[in-house]
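Worksheet: the structure to be examined is printed underneath.
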Amino acid sequence: MMNTPKISILVPVYNVEKYLQRCVDSVLAQDFTNWEMILVDDGSPDRCPQMCDAFTAKDTRIKVIHQENRGAHAARKAGFEHAKGEYLVFLDPDDYLLPKALSSLYAKAIESKYDIVKGANLRVRNNGTSSIETPILSGKEIVGEENYLFALLSYHILPYLWGGIYRKTLFSEEIFKSATNISIGEDWITNQSIWRGVKRYAAIDNVVCAYYINSSSMMQTRVLSHEYHESFGKMMLQIATGASSKIMQTIERNRIMVHIKCFFTPEIGWDNTWYNVIYEYVKNDNNLKALLQNNDKKFLEFIRSRTIFRLYTFVYRILFQGIKLHGRKRSVLYNFSTT
């Protein structure tokens, strides 16, 4: 009789036959062997369904779920519902684990009963170059639910599900369901949704995951509108209900900053309505002081002048469109659904 696995590795699979073998092989090569890998075939139209069946035929630790296409987050939810491990590792099918990733994450997790342990990641670009992305809090720990949430909102914790290990009891079907219909940002919402259960968080230097930056991915070909960001911010406020005023103010500050960034996006451009929202916030000296923690004072003064800010962002958008995008236009995502 097989022992209950310590780690469940959840892999949503869709249209990745080129990369899936590498992903699975990276798990099979781990020195930590007490795991199960749940491959969720999300209605993939390529050879992935057959590949998944072949994997499970060769190794009983590999499980397969076939379902109609519902999106990556719904696939993770399906995997979670079948997971038997004490801990969860999220792995995208076009990424792969580095040697000793599972053993280093698990050892740290059980060392002081950490709820989450994050490692460093290998960032691989389309041109073949790569760089190591080390956690900001590497070698440190966070104790307390609100301290975890504040670190996440302050960008001291990367808001991705991959690249770490999570205690399974942090999650529920409802938490996965809440982010299922979000087009972009579902990992962030999920990481925030578990905040009330995170008593201890740690980060290690070990490089645990290699992830690819795909120039044709949704994140690279779409930009988020003011409306999308506004709905996203409201959802974050709702999730943080009951948290301290410090947390709520941080979410509000982040909301304003993403609206400011929209004005530098060529596909969005100038919008008087949203400028007025920003201006009402920055004209308050206390709010301005809060923004100064992460922004240049002169830049924020520019925002207070409609004429200067409009000219400044116009020139930036023209240059960005020509130099960075080479005239290419990305689509704008407006709809945000939580149903």
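The values are calculated or read from the model by the stated rules, or taken from the named source; none is laboratory data. Predicted, not measured: the structure shown is a model, and the values here were computed from it. Heads up, the Cβs are rebuilt from the backbone with ideal geometry, glycines too, and the neighbour counts pull from every protein chain shown.
Quick notes on this one:
- Some residue of the stretch 126-135 being touching a strand residue (DSSP E or B) at 6+ places or on another chain (Cβ under 6 Å), at pLDDT below 95 and either surrounded by 20 or more Cβ atoms within 10 Å (Cβ to Cβ) or not in a strand (DSSP E or B) (or both): yes
- Residue in the stretch 273-287 that is surrounded by fewer than 18 Cβ atoms within 10 Å (Cβ to Cβ), free of Cβ contacts under 8 Å to residues at least 40 places away in the same chain, closer than 30 Å to residue 74 by Cβ and among the hydrophobic types (A, V, I, L, M, F, W, C) present: no
- Residues satisfying the stated conditions in the stretch 173-218, i.e. modelled with pLDDT of 95 or more, surrounded by fewer than 19 Cβ atoms within 10 Å (Cβ to Cβ) and in a loop (DSSP other than H, G, I, E, B): 199
- Condition check for residue 31: assigned by TED's automatic domain parsing to the domain that holds residue 117, modelled with pLDDT of 95 or more, not polar (S, T, N, Q) and not in a helix (DSSP H, G or I): yes
- Some residue of the stretch 139-148 being outside any helix (DSSP H, G or I) and hydroxyl-bearing (Ser, Thr, Tyr): no
- Annotation for the stretch 157-167: no member residue is free of Cβ contacts under 8 Å to residues at least 60 places away in the same chain, farther than 18 Å from residue 104 by Cα, surrounded by 14 or more Cβ atoms within 10 Å (Cβ to Cβ) and in contact with a Pro (Cβ under 6 Å, 6 or more places away or on another chain).
- Residue 276, sole failed condition from (1) in a helix (DSSP H, G or I); (2) of a type outside the set (A, V, I, L, M); (3) closer than 20 Å to residue 154 by Cβ; (4) at pLDDT 90 or above: (3)
- Checked against the criterion of being over 19 Å from the mean Cα position of the chain (by Cα) and either farther than 28 Å from residue 142 by Cβ or not in a helix (DSSP H, G or I) (or both), the candidates 267, 230 yield just one match: 267.
- Subset of the stretch 296-339 [within 27 Å of residue 250 (Cα to Cα), among the polar types (S, T, N, Q) and in contact (Cβ under 8 Å) with a residue 24 or more places away in the chain]: 313, 335, 337, 338, 339
Residue-by-condition table, conditions (1) more than 27 Å from residue 201 (Cβ to Cβ); (2) hydroxyl-bearing (Ser, Thr, Tyr):
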{"residue": "36", "(1), (2)": "no, no"}
{"residue": "41", "(1), (2)": "yes, no"}
{"residue": "51", "(1), (2)": "yes, no"}
{"residue": "77", "(1), (2)": "no, no"}
{"residue": "82", "(1), (2)": "no, no"}
{"residue": "97", "(1), (2)": "no, no"}
{"residue": "100", "(1), (2)": "no, no"}
{"residue": "105", "(1), (2)": "no, no"}
{"residue": "129", "(1), (2)": "yes, yes"}
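- Failed item, numbered, when residue 237 is tested on (1) of a type in the set (A, V, I, L, M); (2) assigned to a helix (DSSP H, G or I); (3) touching a residue at least 40 places away in the same chain (Cβ under 8 Å): (3)
- So residue 75, is it at pLDDT below 95 and assigned to a helix (DSSP H, G or I): yes
- Being assigned by TED's automatic domain parsing to the domain that holds residue 121 and part of a strand (DSSP E or B) holds for only one residue in 110, 65, and it is 65.
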